[in-house]
Each structure stands twice: as structure tokens, then as C-alpha cells.
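Asks: Have a look at this one.
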Amino acid sequence: MAVGRANRAAFNSIFFMKRYTHKMCRRLGIKLCQSAKCPLVRRNYPPGIHGPKGRPRQTEYGMQLAEKQKAKVVYNMLERQFRLVFERAVKLPGDTGHNLLTLLETRFDNTVYRSGFAGTRVQAKQLVSHGHFLVNGKKINIPSYQLKVGDVISLHGASLNNKYFKQQLGKIKQEKIPGWLYLDMPKKEIKVLGAPKDSDAENVFDTKAIIEYYSRR
């Protein structure tokens, strides 16, 4: 019963995030999801009962909010999760914007996606939640788990012959894997070599605007 409830909760969370992501793509006017069925392709205007009316002019606060929303959607996170990551970035030494990008990129689910083991971040989150991966030989099923330099991600033994992974691994292109990760294809392992560079992240949101947004609250 407990396992069943956990699976239903995971499914409901993924379903909610999918709907939320599609809605935000339309609201912000930019394709942030990785779905071929993104509604922005057919309806390039904000959601609402009044149909296409164009996008209203944004205030400075509205622009900052939009940048924060973009980052949340890109990394498939809810507000509370994102706020906690931001607060941690503020406490770390160095540039807050760089720290934020580093923490987002080195999340377990994002790293699985970046390595090519999953086709989208939504898939990566689901695969991690279902226990398909090990970190340094230990089973970790927490998508938000923060990886560090030297960590090694590998497939769980029971997942090595999974049809999905056989197909997905065949699609991996080494040149698309960022330099802070190393894929050992024969071992089906990914190693964290170093901290991500700002240029490694998807450049669709402004970290400075996000910092300014939270500084006003």
C-alpha cells in the first residue's frame, strides 16, 4: 500500500508539473519544455478565456518574476524547492548567480539528463524516483540530491537490461555531454569531473534578475 501511494504521488507530481510547464511556456512566450507537444507551437499567446490578445508590457518586477519562473520550469521545480536552492546559493562564497547555476546543474535529476541517460528532465526525475541509478554504488532515489566532484552515477544492476536504457544509451552523442561530466560507455557510468561553467547551463533566463526578485521579498 505504501509503495502504491508513493508511486501515485510521484505520478501526480509529474502530471502536475507537465501541465504547469505547458501553461508557463504559453504565459512566458518561450518554449521551455522539451516536449514535441508544447502548446506554444499551436497557440503562441498567453492562456486565458479571452483568446489571443498579445502580451502586456512588463514592469521591472514582472520581468524579474518571469526570469525566476523560466528557471523553475527549465529545471522542473516547484517554488519551495527553487527557493531553498536559491537560499543555499546566497550562503555559499562567491557569486550568487554562478552558485545558483552550479546547484541547479548538479542536481541528481539534471545530471542524469545532461549525461544522456534520459531524454528530458521530466524523464530523468521519474527514472531517479524509481530507483534506476546508484551514486558511488549506493541507491539514491531523490531527484534533488546534490552531486559533488568525484561522484559516479551508474545504472542499478536490475536496470542494465531495461529496454528503455538500451534504446536511450544508443542515442547518446558524446559531443553533447558537457565538459564537467565524463561518460564511460562500456561501464555505463557518468563521473562528475568538476563544477559546471555558467556557459554549460541553458541560457534562457537571467540569474541577475532572479537575485533582484528575491532581494525585494
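Asks: Counting only the backbone N, which residues of the range 163-198 are under 18 Å from the spot 7 Å out from the Cα of ARG88 toward its beta-carbon?
Replies: Those under the cut-off are 192-198.
Asks: State to the nearest 20 debye the size of the charge dipole of the range 108-194 about its Cα centre, where the only charges are +1 on K and R beta carbons and -1 on D and E beta carbons.
Replies: Value, rounded to 20: 160 debye.
Asks: Note down, for the range 108-194, the three equivalent ellipsoid semi-axes (square root of 5 times each alpha carbon gyration tensor eigenvalue), biggest first, whole angstrom.
Replies: Details: eigenvalues 51, 48, 31 Å².
That gives 16, 15, 12 Å for the three semi-axes.
Asks: Any idea how far apart HIS130 and ARG80 come out in nm if each label point goes 7 Å out from Cα toward Cβ?
Replies: If labels sit at HIS130 and ARG80, their model points lie 2.6 nm apart.
Asks: Quick check: net charge around PHE86, other residues with Cβ under 15 Å of its Cβ, Lys/Arg +1 and Asp/Glu -1?
Replies: My count for the surroundings of PHE86 gives +4.
Asks: In whole Hz and in residue order, list the ³J(HN,Hα) couplings for the range 145-153 that follow from phi through the Karplus curve 6.51 cos²θ - 1.76 cosθ + 1.60, θ = phi - 60°; x for Gly and Pro.
Replies: Those phi angles translate into 3, 8, 7, 10, 4, x, 5, 10, 9 Hz.
Asks: Quote to one decimal, in nm, the extra length available between SER215 and HIS156 on full extension: 0.36 nm per residue of separation minus the C-alpha distance between them.
Replies: 17.0 nm
Values in this text are rule-based calculations from the coordinates and carry no lab data. Since the model is a prediction, treat every value here as computed from it, not as a measurement. Positions of Cβ are generated from backbone atoms using ideal geometry, with glycine treated the same way; all protein chains shown enter the neighbour counts.
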